[in-house]
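The values are calculated or read from the model by the stated rules, or taken from the named source; none is laboratory data. Not measured: the values here are computed from a predicted model. Here the Cβ positions follow ideal geometry from the backbone for every residue, glycine too, while neighbour counts run over all protein chains shown. In case anyone asks, the SASA skips ligands and DNA or RNA and just uses the protein heavy atoms, side chains included. Shrake-Rupley method; radii C 1.70, N 1.55, O 1.52, S 1.80 Å.
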Amino acid sequence: MKRAMTAAAAACILATGFAGTGVSASPVAPGDVVFEDGAVAASLTGMPGDPVAGAEIYAEKSVGNCVSCHAVSTLPDVQFPGNIGPALDGAADRYSEAQLRGIVTNAKMTFDGSMMPSFYKVTGFIRPGIGFTSKPIAPEDITPLLTPEQIEDVVAFLMTLKEQ
Amino acid sequence: MKFWAYTALAGALAIAHAPLASAEMAEDELVINDDIEIVTKAPAPAHLGAFDEIYSGWLFRSEDTRDVQRDDFDNPGMLGVESAMEAWDSVEGTAGKACSDCHGALEDGQMVGVRAVYPKWNENAGEVWTLEQTINTCRTERMGAEAWGLNSKDMTNMSALMSYESRGIPMNVAIDGPAQETWEKGKEIYYTRYGQLELACSNCHEDHYGDWIRADHLSQGQTNAFPSYRLKDAALVSIQNRFKGCIRDTRGVPFDIGSPEFTALELYVASRGNGLSVEGPSVRN
């Protein structure tokens, strides 16, 4: 699994390197993500994420806002974490990268009926609005809560949460 | 389900159903003005399978916020009540009548207990009405006055006066007979996961009351304390305006205030609190 990832990333870097235009492999669309027992094996972007950017997305209210439900003890600067979901310390000891990617992409594929929002999904909502404006959004205008890059960044951040 | 999924799920369930009464909820009693005893904990009504005990949202607020509600001199919501007391005796509309012309002076106590049974089936209209809808019908049909906006300041103040008149009396809305169909509809709405975050009322107020959602301490989302003075908004907030905010927070589109959906939801949520005292105007953060 890890080898496949690195190979894919390498292929990507090579591709962009040769093209010289910064164009990378096109990301997997929300409807095309392949889940296996809740896990998603391949990077949504074909590239590894950035754990530092991931930590910001995790903590930022206007982006991932994971902290509204989770705590991470190594981020003491993040104020008022929630306790709806389990603390994420040691998440990378409990789950593989593919499993974590699956949870962040669509937690309901791992935890049946989970309260955790599906961060990479664009269909199947009841009365969806434009952000927090209370105004209705047209189904074709719905974008996922996180971009593929942001998902990969968050996954990379979660992979740093090791205790063992 | 895979093993690791199962353990995580079991863990989450344990969190939700841990004895949070002691750990996360205030052990406190509410006696307003050293006089009116408020029931903030009661056995759950029989129709509510989810838990055994129901709690007022007051128990989930900080000590400072709880204290503001103990005394009417400190409670900013009382200004709304006082303003409605004036409106009660003021003639308005083409019929030349005030509320008091039909319902007597407030001291006569004809409004005592009214709040506790609303929303309520209205035989003439053939539907369930909220207290606000009933007040508006008095204005338009009996006073010849203009309807108030259901979420207007005048209306919320009058609604707060109705709560004030019933303070301490246990909520007791009827859910059977002609109201049953509306109640069922409200129950369905309560368990529907709205918006892009796909959250139902039950996700927050049934599965996770006592937990923290970021800086907010989740209560059971009871309606017995409305209208409620929100320190953050520096204003009295109506029940359905609170519902609107909660659905907006799911990245969803709320129903309109006064819509059949919100009236049904209000009846259902009120019935979950049957047994808790009316405590409006309450104070919340």
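Using Cα atoms only, what is the angle between the long axis of helix B:260-272 and the major principal axis of chain B, expressed in degrees (0 to 90) to the nearest 10?
The angle comes out near 70 degrees.
Give me the percent of accessible area attributable to carbon and sulfur for the stretch B:166-240, probe 1.4 angstrom. Walk me through the numbers before you get to the answer.
Working: 1460 of 2860 Å².
It is 51 percent, rounded to a whole number.
Which whole-number value in Å² is the accessible area per residue of chain B, probe 1.4 Å? All intermediate terms of the calculation are to be shown ahead of the outcome.
Working: 12570 Å² over 285 residues.
I get 44 Å² per residue for chain B.
Taking the stretch B:71-129 on its own, what percent of its Cα-Cα pair distances exceed 17 Å? Numbers along the way, then the final one.
Values: 1025 of 1711 pairs.
Tail of the P(r) past 17 Å holds 60 percent of the pairs.
Given labels modelled 7 Å from the Cα in the Cβ direction, how far is it in nm from B:E86 to A:K61?
Modelled inter-label distance: 3.6 nm.
Using the Karplus curve 6.51 cos²θ - 1.76 cosθ + 1.60 with θ = phi - 60°, work out ³J(HN,Hα) for each residue of the stretch B:188-193 in order, rounded to whole Hz, and write x for Gly and Pro.
Rounded to whole hertz, the list is 4, 4, 4, 9, 8, 8.
Hey, can you find the accessible area per residue of the stretch A:42-104 for me, probe 1.4 Å, expressed in square angstrom? Walk me through the numbers on the way to the answer.
Numbers: 2710 Å² over 63 residues.
In whole numbers, the stretch A:42-104 has 43 Å² accessible per residue.
Can you give the longest run of chain B that contains no GluC sites (Glu not before Pro) sitting in a DSSP loop with at most 14 other Cβ atoms inside 10 Å? List each step's numbers first, then the result.
On the way: sites that count: B:E27, B:E29, B:E123, B:E146.
Counting at most 14 other Cβ atoms within 10 Å as exposed, the longest clean stretch of chain B is B:147-285.
Once both labels are modelled 7 Å past Cα along the beta-carbon direction, what's the A:A41-A:E140 spacing in nm?
The modelled label-to-label distance comes out at 3.5 nm.
Say R0 is 22 Å: what FRET efficiency, to the nearest 0.05, do B:D74 and B:D154 get from their beta-carbon distance?
On the way: r = 24 Å, r/R0 = 1.09.
The value I calculate is 0.40.
Any of A:K121/A:K162; B:K120/B:K185; B:K120/B:K244 with alpha carbons more than 24 Å apart? Name them for me.
Working: A:K121/A:K162 28 Å; B:K120/B:K185 15 Å; B:K120/B:K244 21 Å.
Pairs exceeding the cut-off: A:K121/A:K162.
Other chains' Cβ within 10 Å of A:126-138 residues: what's the mean?
Details: counts 10, 11, 9, 10, 3, 3, 9, 3, 10, 2, 2, 5, 0.
Mean partner-chain Cβ count within 10 Å for A:126-138: 6.
Using the Cβ atoms and a cut-off under 15 Å, what net charge is assigned to the surroundings of A:V28, where Lys and Arg are +1 and Asp and Glu are -1?
Numbers: positive: A:R101, A:K121; negative: A:D32, A:E36, A:E149, A:E152.
Local net charge: -2.
Given the Cα-Cα distance of B:N33 and B:N124 and 0.36 nm per residue of separation, how much length would full extension add, in nm? Numbers along the way, then the final one.
Details: separation 91, 0.36 × 91 = 32.76 nm, distance 3.92 nm.
Result: 28.8 nm gained on full extension.
Can you tally the net charge around B:V269? Count Lys and Arg as +1, Asp and Glu as -1, for every other residue whose Cβ sits under 13 Å from the Cβ of B:V269.
0
Averaged over B:213-221, how many beta carbons belonging to a partner chain fall within 10 Å of each residue's beta carbon? Please report the intermediate quantities before stating the final value.
On the way: counts 7, 12, 6, 3, 0, 2, 0, 0, 0.
Shielding by partners across B:213-221 averages 3.
Tally Lys and Arg at +1 and Asp and Glu at -1 over the other residues with C-beta under 13 Å from the C-beta of A:L75: what net charge comes out?
-4
State, in square angstrom and to the nearest 100, the accessible area buried between chains A and B, both chains counted, probe radius 1.4 Å. Walk me through the intermediate numbers first.
Working: alone 10140 and 14190 Å², together 21100 Å².
Looking at A and B, the buried total is near 3200 Å².
Between the stretch B:91-123 and the stretch B:181-247, what is the C-alpha centre distance in whole Å?
28 Å
Gaussian network model of chain B, Cα springs within a sub-10 Å range: biggest mean-square fluctuation belongs to which of B:G104, B:G177, B:G258?
In this elastic network of chain B, the residue with the biggest mean-square fluctuation among B:G104, B:G177, B:G258 is B:G177.
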